[in-house]
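The next block holds one structure in the form of structure tokens; read it before the comments.
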Amino acid sequence: MTIRLLLADDHRMLRETMKRSMIDEGFDVIAEAADGLEAVTLTLEHRPDVVLMDVTMPEFDGVEATRRIHEADESIRIIMLTMHADEDVITAAIRAGAVGYLVKDCTFEEVAATVRAAVSGDTDVSANVAATMLAEAKDLAGGDDAVISRREIEVLQHIADGCSTPEVAEKLFISQKTVKNHLASIYAKLDARDRTQAVLQAVRMGIVRLY
């Protein structure tokens, strides 16, 4: 099934470039928004699978747009795109409901991979913002403490370090399927819907640490 995208960015040239690249990657770009208000309106009208959301936009910013969309429909996956890895913005975006966070110096291939991961519930954040996001998110609220296995802690620690599923599998000498099975178990134990929430919860609980 083709993944349906909505692009939200106030820079028309960037939107057009992103649109062409995402279409080339096999996505269906169903709508474009030039400000935060339009992003919310068009998202709730078209119900895309994923929104690629700029942070700095007119009317209201991408974080506020994300919060409004997430409150209306939690099934819509939102990935933030920004020029800078600002610590406060990263934390605010995750709190608002974003499932991924990419800096605009990443490649279109990385954007495409993150979109596909968002749909599958296996979302990554840019490696160069992962540590910052996790450090700032230590105070996020979460559920009750849960006991997870030593192997699951190893998997979580590598995820916290910014590793992808294939990289975790390689480092632990296990299959990618086994990594995904561990992640599914972790999600259940930590009451998390994806790896971003799981890592945030694990950092808050002191299960994993940053080095």
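The values are calculated or read from the model by the stated rules, or taken from the named source; none is laboratory data. In this text the structure is predicted, and so the values were computed from the model without any measurement. Heads up, the Cβs are rebuilt from the backbone with ideal geometry, glycines too, and the neighbour counts pull from every protein chain shown.
Name the residues in the range 28-56 that are of a type in the set (S, T, N, Q) and farther than 18 Å from Asp73 by Cα, would you? Can you show your working first?
Start the filter on the range 28-56 by keeping residues that are of a type in the set (S, T, N, Q), which leaves 41, 43, 56.
Thr56 - this is the single residue of the range 28-56 that is of a type in the set (S, T, N, Q) and farther than 18 Å from Asp73 by Cα.
Taking into account only those residues within the range 4-47 that are touching a Gly at 6+ places or on another chain (Cβ under 8 Å) and among the hydrophobic types (A, V, I, L, M, F, W, C), which is surrounded by the fewest Cβ atoms within 10 Å (Cβ to Cβ)? Break it down into steps so the answer makes sense when it comes.
The initial filter retains those residues of the range 4-47 that are touching a Gly at 6+ places or on another chain (Cβ under 8 Å), namely 8, 36, 39.
Add one more test, that the residue is among the hydrophobic types (A, V, I, L, M, F, W, C), and what stays is 8, 39.
Numbers: Ala8: 29, Ala39: 33.
If we take residues in the range 4-47 being touching a Gly at 6+ places or on another chain (Cβ under 8 Å) and among the hydrophobic types (A, V, I, L, M, F, W, C), then Ala8 is surrounded by the fewest Cβ atoms within 10 Å (Cβ to Cβ).
Of the candidates Arg67, Arg116, the single residue that is part of a helix (DSSP H, G or I), farther than 24 Å from Met13 by Cα and of a type in the set (D, E, K, R) is Arg67.
Each row is one residue, and each column tells you yes or no for (1) touching a Pro at 6+ places or on another chain (Cβ under 6 Å); (2) among the hydroxyl-bearing types (Ser, Thr, Tyr); (3) in contact (Cβ under 8 Å) with a residue 24 or more places away in the chain.
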| residue | (1), (2), (3) |
| --- | --- |
| Leu7 | no, no, yes |
| Met13 | no, no, no |
| Lys19 | no, no, no |
| Asp28 | no, no, yes |
| Asp35 | yes, no, yes |
| Val40 | no, no, yes |
| Leu44 | no, no, yes |
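Residue selection: Leu81 satisfies the criterion of being touching a Leu at 6+ places or on another chain (Cβ under 6 Å) and either hydrophobic (A, V, I, L, M, F, W, C) or within 29 Å of Leu200 (Cα to Cα) (or both). Taken over the range 28-63, residues that are assigned to a helix (DSSP H, G or I), at pLDDT 95 or above and among the aliphatic types (A, V, I, L, M) amount to 5.
Just to be sure before I move on: is Thr56 surrounded by fewer than 17 Cβ atoms within 10 Å (Cβ to Cβ), in contact with an Asp or Glu (Cβ under 8 Å, 6 or more places away or on another chain), closer than 18 Å to Thr114 by Cβ and of a type outside the set (D, E, K, R) in the structure I sent? Talk me through it step by step, then tell me what you get.
On the way: surrounded by fewer than 17 Cβ atoms within 10 Å (Cβ to Cβ): yes; in contact with an Asp or Glu (Cβ under 8 Å, 6 or more places away or on another chain): yes; closer than 18 Å to Thr114 by Cβ: no; of a type outside the set (D, E, K, R): yes.
Judged against the criteria, Thr56 is not a match.
Do we find a residue being at pLDDT below 85 and either buried (at least 21 other Cβ atoms within 10 Å of the Cβ) or among the acidic types (Asp, Glu) (or both) anywhere in the range 140-147? Looking through the range 140-147, at least one residue is at pLDDT below 85 and either buried (at least 21 other Cβ atoms within 10 Å of the Cβ) or among the acidic types (Asp, Glu) (or both). Which of (1) in contact (Cβ under 8 Å) with a residue 40 or more places away in the chain; (2) under 22 Å from Ala198 (Cβ atoms); (3) loosely packed, with under 15 Cβ neighbours inside 10 Å; (4) not basic (Lys, Arg) does Asp88 not meet, given it meets every other one? Checking Asp88 against (1) in contact (Cβ under 8 Å) with a residue 40 or more places away in the chain; (2) under 22 Å from Ala198 (Cβ atoms); (3) loosely packed, with under 15 Cβ neighbours inside 10 Å; (4) not basic (Lys, Arg), the one that fails is (2).
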